């Protein structure tokens, strides 16, 4: 059974540069955790509504893989 985790959040305008640096560090760390993760996507909202909004989608094969991933 596939498990999806969807997270939404908004980054304040003054924190955008810090968040960009964080995303680069995350990519390096992320490469080590691909065993449990089936797919990952990040979307950003650039027009209208909540500018600076992000949606992350995590896909796991099962709940055990999800727990293993977030316990690291």
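A short reminder: the numbers here are calculations on the coordinates, not readings from a lab. Quick caveat, the model's predicted, so the values are computed rather than measured. Heads up, the Cβs are rebuilt from the backbone with ideal geometry, glycines too, and the neighbour counts pull from every protein chain shown.
Summary of computed values
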{"read-out": "The chain: relative contact order as a whole-number percent, Cα under 8 Å and 6+ apart", "value": "47"}
{"read-out": "Spherically averaged projected area in nm², based on the convex hull that wraps the Cα atoms of region 7-49", "value": "3.9"}
{"read-out": "Exposure proxy ranking, count of Cβ atoms within 10 Å, fewest first, for 42, 1", "value": "1, 42"}
{"read-out": "Potential extension, residue 20-residue 41 segment - 0.36 nm per residue separation minus Cα distance", "value": "6.0 nm"}
{"read-out": "FRET efficiency, residue 67 to residue 28 (Cβ-Cβ, R0 25 Å, nearest 0.05)", "value": "0.60"}
{"read-out": "GNM result for the chain, Cα springs below 10 Å: residue of 59, 36, 14 fluctuating most strongly", "value": "14"}
{"read-out": "Distance in nm between pseudo-label sites at residue 57 and residue 12 (7 Å out along the Cβ direction from Cα)", "value": "3.0"}
